[in-house]
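These notes are about the structure you will find just below.
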Amino acid sequence: MATSFEQLKQTTLLDRAIGVILGLIILCTILANWEIFAFAAPVAKVLSVIAVLALTPSVKNSRRIFVVVALALCAYAFLFYPTPWAVISEALGRASFIIAFFSALATLRHVAGISEKITRAAIYLASQPPGRRYSALTIGTQAFAPMLNYGAISLLGGMSRASSDREPDPEIRKIRIRRMLQAVHRGFAASLCWSPLGFAMVISTSIVRGAELNHIILPALVSSAILIGVGWAMDQLFKPVIPQGHHATPLRDSMPTTARDLLPVLWLILLIAIPAVILDLTAGLPAAMSVLMIIPLLSAGWLLIGAPRRTRLNHAVLHACEFGFIELPSYRNEIVLLSMAGFIGSSAGTMLAPIVAGSGLDLAAMPVWLLLILPIVLIPIGGQLGMNPILFVSLFGPLLPTPEALGISPTAMVLSITAGWSLSGVTSPFTASVMLVARLGDVTPATVSLRWNGAYSAVCAVMLALWLMFWI
């Protein structure tokens with residue numbers, strides 16, 4: 001076991017308290033779906049405030065700025081807005097849900113990270129021969145990204161880097177590293193178009209009135225296919241030429257793997273998707289809330305099944321404590337950033353809406369095709385300025401006219417937002433995905449976002465815009 005009970009005793013009281021608070025936020029967010037537990041929603045909001053305030057002193061200054069902005073918006077609401085509590089309560093609801101959703105996903109990331117079966121599946125993808133390596137990685141990342149989130153880049157990117165490092169020729173090694181990391185990165189970005197476990201889909205469907213995941217998922221897979229197809233085509237068309245005198249060495253992984261090693265990943269996807277569909281049909285719960293309920297239970301079951309029979313209880317307790325007291329608090333920067341981005345976007349968007357309406361600016365009068373293209377352009381531009389997509393979408397999403405007012409399907413609006421979100425994931429040097437790939441590739445984030453993905457994102461933007469025209 002990676003962590004012992006003796007090591008857990010060395011964790012600070014603050015980290016233990018934060019772990020408990022984050023766990024309670026998950027529980028309260030789930031319970032709030034039933035009227036009998038109506039008290040749970042305000043409790044989750046209060047606990048979210050406590051968690052953010054407790055984590056803020058130990059996060060980066062760039063994250064503290066988000067907290068300062070959130071406090072400034074609260075002050076502005078009380079001084080100038082007629083119903084400040086309504087605005088703040090709604091924004092806290094968004095923040096608490098983001099904390100709960102992120103923390104729940106982290107449980108799956110924890111158990112997947114200690115699973116040998118998941119590691120074998122990643123090795124199988126990374127060890128494919130050159131002819132199908134790019135497609136295997138970019139499509140395979142689609143399966144890993146929903147459950148591991150950014151961890152998919154760390155796992156598959158790390159395996160790709162380890163595989164490439166065994167190439168003795170430095171020029172060929174450099175080419176392999178770039179192409180394999182590009183495949184993983186672009187595959188991760190493509191998953192943002194459709195993954196019900198990703199914030200892109202969760203936030204977009206919560207903002208666009210009338211959006212339903214069961215109507216969106218198939219068209220969203222088309223958006224994902226566009227990103228995958230463009231990436232594969234450009235990889236083939238602009239494949240780097242191996243310098244004369246350099247010869248690639250065929251690589252064989254020390255752990256032999258087969259296509260059967262992918263089955264556990266596929267089973268996990270089904271174990272998430274099927275119960276989510278059942279809950280949607282029977283209880284009418286939104287997909288994001290269904291997933292929030294399923295993931296912790298699935299993670300606990302996976303942990304118990306994978307443990308030795310005689311030590312299952314100790315194994316489960318140890319990993320639960322390790323996750324709650326060590327791993328969850330280590331995500332302090334992500335939790336503060338994501339929750340405050342949601343809070344700022346929701347509160348500022350609500351207070352900005354009447355100002356925009358009073359200015360005479362009528363977005364509904366704009367051509368529908370232009371409104372659908374704007375998120376594809378503006379979200380990546382916001383990423384270049386350091387704006388987190390959650391902040392950008394939460395802020396400007398409420399300003400968009402409703403799909404009914406535009407005479408289009410809510411699906412079209414969600415496809416537009418998630419397309420822009422996905423492109424921001426490969427072009428913004430401030431996103432975690434770009435920084436992870438840059439670290440694995442020993443290059444700067446600017447190199448990954450502009451040199452590696454600049455032309456790719458431009459072609460994808462055009463193709464996605466053409467795809468959206470079919471929805472007008």
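The values are calculated or read from the model by the stated rules, or taken from the named source; none is laboratory data. Note that the coordinates shown come from a computational prediction; the quantities given were computed from them, not determined experimentally. Because the Cβ atoms are built from the backbone with ideal geometry, glycine has one as well, and the counts that use them run over all protein chains shown. Keep in mind that these areas ignore ligands, DNA and RNA; they rest on the heavy atoms of the full protein, side chains included. Shrake-Rupley method; radii C 1.70, N 1.55, O 1.52, S 1.80 Å.
List the pairs whose first member sits in region 21-40 and is part of a helix (DSSP H, G or I), whose second member is not hydrophobic (A, V, I, L, M, F, W, C), and whose Cβ atoms are under 7 Å apart, counting only residues at least 6 apart or on separate chains?
Pairs found: Leu22/Ser103; Gly23/Gly324; Ile25/Ser48; Ile25/Ser96; Ile25/Ser103; Ile26/Ser103; Ile26/Pro296; Thr29/Ser96.
For residues that are modelled with pLDDT of 80 or more, open to solvent by 50 Å² or more (accessible area, probe 1.4 Å), under 30 Å from Thr107 (Cβ atoms) and of a type outside the set (D, E, K, R), tally how many sit in region 236-268.
3
For region 134-154, enumerate the residues that are closer than 19 Å to Gly231 by Cβ and open to solvent by 30 Å² or more (accessible area, probe 1.4 Å).
The answer is Ser135, Ile139, Tyr150.
Out of Trp421, Trp369, I need the residue that is open to solvent by 10 Å² or more (accessible area, probe 1.4 Å), among the aromatic types (Phe, Trp, Tyr), part of a helix (DSSP H, G or I) and within 21 Å of Gln142 (Cα to Cα). Which one? Let's see the steps before the verdict.
Values: Trp369 fails: within 21 Å of Gln142 (Cα to Cα).
Selected residue: Trp421, the only one of Trp421, Trp369 that is open to solvent by 10 Å² or more (accessible area, probe 1.4 Å), among the aromatic types (Phe, Trp, Tyr), part of a helix (DSSP H, G or I) and within 21 Å of Gln142 (Cα to Cα).
Quick one: which of Leu227, Leu213 is open to solvent by less than 50 Å² (accessible area, probe 1.4 Å), under 28 Å from the mean Cα position of the chain (by Cα), at pLDDT below 90 and of a type outside the set (Gly, Ala, Ser)? Can you show your working first?
On the way: Leu227 fails: at pLDDT below 90.
None of the others qualify; the one that does is Leu213.
Might you check whether a residue that is touching a Ser or Thr at 6+ places or on another chain (Cβ under 6 Å) and open to solvent by 40 Å² or more (accessible area, probe 1.4 Å) occurs anywhere in region 339-361?
The answer is no; no qualifying residue exists.
Say we look at region 392-418 and pick out the residues that are without any contact (Cβ under 8 Å) to a residue 60 or more places away in the chain and outside any loop (DSSP other than H, G, I, E, B); which of these is surrounded by the most Cβ atoms within 10 Å (Cβ to Cβ)?
Checked region 392-418; the qualifying residue surrounded by the most Cβ atoms within 10 Å (Cβ to Cβ) is Ser416.
Given the options Ala122, Ala86, name the one that is at negative phi, out of contact with any His (no Cβ under 6 Å at 6 or more places or on another chain) and open to solvent by less than 10 Å² (accessible area, probe 1.4 Å). Give the steps one after another, and end with the answer.
Numbers: Ala86 fails: open to solvent by less than 10 Å² (accessible area, probe 1.4 Å).
When all the criteria are applied, what remains is Ala122.
Has region 186-194 got at least one residue that is of a type in the set (S, T, N, Q) and open to solvent by less than 10 Å² (accessible area, probe 1.4 Å)? Steps first, answer last, please.
Taking region 186-194 as the starting set, the residues that turn out to be of a type in the set (S, T, N, Q) are 191.
From what's left, open to solvent by less than 10 Å² (accessible area, probe 1.4 Å): 191.
Yes, that holds for at least one residue.
Would you be able to tell me the number of residues in region 444-472 that are surrounded by fewer than 17 Cβ atoms within 10 Å (Cβ to Cβ), β-branched (Val, Ile, Thr) and either modelled with pLDDT under 95 or more than 30 Å from Gly407 (Cβ to Cβ) (or both)?
Residues meeting the conditions: 2.
Of all residues in region 320-337, which are closer than 17 Å to Gly23 by Cα and either outside any helix (DSSP H, G or I) or aliphatic (A, V, I, L, M) (or both)?
The answer is Ala320, Ile326, Leu328, Tyr331, Ile335, Val336.
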